[in-house]
Amino acid sequence: MRASILVSSRIHLPSYSNVRVISKTDPMTTERVDSQTYPLRHCSTLMKWSERRLATYLANTIFGLFLIDKESKILDSILFYPDSGRAAEFFQSIESEDMPSELSDILQKVSSPTIIVQNPEIGGLIRSNTDIEVSVDPTSDPITWFRTSIHNSALLERNKIESQDALKRFRREVAINTSRLRIIAATSERDVAIKNTIDAIDEIDKSINLLAMRLSDWYATYDPLLPTVVDEHEVFAQILLEMSEGALDKKALSRYNVDQSKLHGMDDSVLQGLRTTMPPDDAEAIRALAKAVASLMSTRSELEEHVTDLMSEIAPNLSALAGPLIGARLISLAGSLETLARKPSSTVQVYGAEKALFRSLRTGTDPPKHGIIFQVPSINNAPYWQRGKIARALAGKLAIAAKVDAYSDRDIGESLKTQFEERVEEIRRQHPEPPEISPKPRHQGSSEKKSKRRGRKKGGR
């Protein structure tokens, strides 16, 4: 028996010749329609089919926006060609979820109650910005057929595009402009500025250490006592600059908090002896190197202030919990704030200790307990047997802070910090003494093998 449709007054259907509403009193009444009857469950399928017959299809290509019917015939269009920049801006707007003006203009020309699109992003923009009913069909046959078989030939027949070579050139220009806009959008993200700033600070630190060591070794050939008295690079560079001007004495050194007991045996004549104890060209070179170190230290301080301001603006919760510099290094290691927010706390805990982690995976040794977060004073100053637990507690709070900073504007940094400090105190109370280290059991088969007797057996020849 053929399938049959049951049509009742409770169901709204378009008025086709082969579909009509019957029996207002008994919704379960059936009637022969075109010599066939259908069960009630097929009515929704028939409704969707009828809506598609009335719908308009929106096909978007790099050449423009096209309204087509179910037979892929062009009803109306808005062309981007020959402006490749306009096409690139359209696609960039779609990616950033902004309603482009071209899409608004083409929607004003839609006369049907329903529009069908292939792109989910375009469908979402139409839903949120208009009252038009939109359906997203990634496998729409009319749009697919239009793009693959009709699109280029239709543009050429209408003299919208000069030749096939013009098509290829336009595609290339749109691809280049789109890539350029994506790069600009990516570099405009503020967490990219955080990454670049903290990376610059780390590289400046390496330069300062190398230059300061060279400065100390160079000056020690003329005065081996002063490098042993001053340990800080910036202070040592400033002292050499003052000494080069003949203005250094014990009173001047006291401004730098140099331990006076270390100055025992040095008089002011020794401290002011840079000009007289070395050749002028060496003195000038040392002074230039000291200026370079001092300038790098000043630049580093400015960058620290800059990254602190950026972190308070972009990741205030992360900054309040771990400090702006450590929070910035976590963002740099992850690549971006959103990437960090998607990472579990176990990954946040070992960021910066990748070498130790992979070595443990390769050799079977214990994995690292902490990475860059070891610089947090609560972990750094803790006894060794408490550091792993404190690092795990901090990593959990950092993971929460990163998610809040990435996806909301809430300020919970101080609350997370308070919870973390309470957990640290609890760990200190529960584990005041180091655990007893039991010897690891030896594997079977690792016992010493009995030494075999070499040579002839007893009694043999």
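Just so it is clear, none of the values below were taken in a lab; they were calculated from the coordinates. Keep in mind that this is a model prediction, so the values were computed, not measured. FYI the Cβ positions are ideal-geometry reconstructions off the backbone, even for glycines, and counts take in every protein chain you see.
Things worth noting here:
- Between the C-alpha center of segment 53-120 and that of segment 341-368 there is a gap of 48 Å.
- Here the gap between Thr144 and Ser298, fully extended at 0.36 nm per residue and compared with their Cα-Cα distance, gives a gain of 49.3 nm.
- Hull shadow area, averaged, segment 315-430 [alpha-carbon convex hull, nm²]: 6.9 nm²
- This ranking places Tyr256, Tyr351 by how few other beta-carbon atoms lie within 10 Å of each, fewest first, which gives Tyr256, Tyr351.
- Residue-span extension gain [Arg342 to Asp98] - 0.36 nm each, minus C-alpha spacing: 85.4 nm
- Given their separation in residues at 0.36 nm each and the Cα-Cα distance between them, Lys73 and Lys168 gain 31.8 nm when the chain is fully extended.
- Which of Tyr384, Tyr222, Tyr407 has the fewest Cβ neighbours within 10 Å, and the rest in rising order: Tyr384, Tyr407, Tyr222
- Local net charge near Lys397, Cβ-Cβ under 15 Å (Lys/Arg +1, Asp/Glu -1): 0
- Above-threshold pairs, the threshold being 27 Å between Cα atoms, out of Lys291/Lys355; Lys195/Lys403; Lys70/Lys109: Lys291/Lys355
- Fewest neighbouring Cβ atoms within 10 Å first, the residues Glu422, Glu304 line up as Glu422, Glu304.
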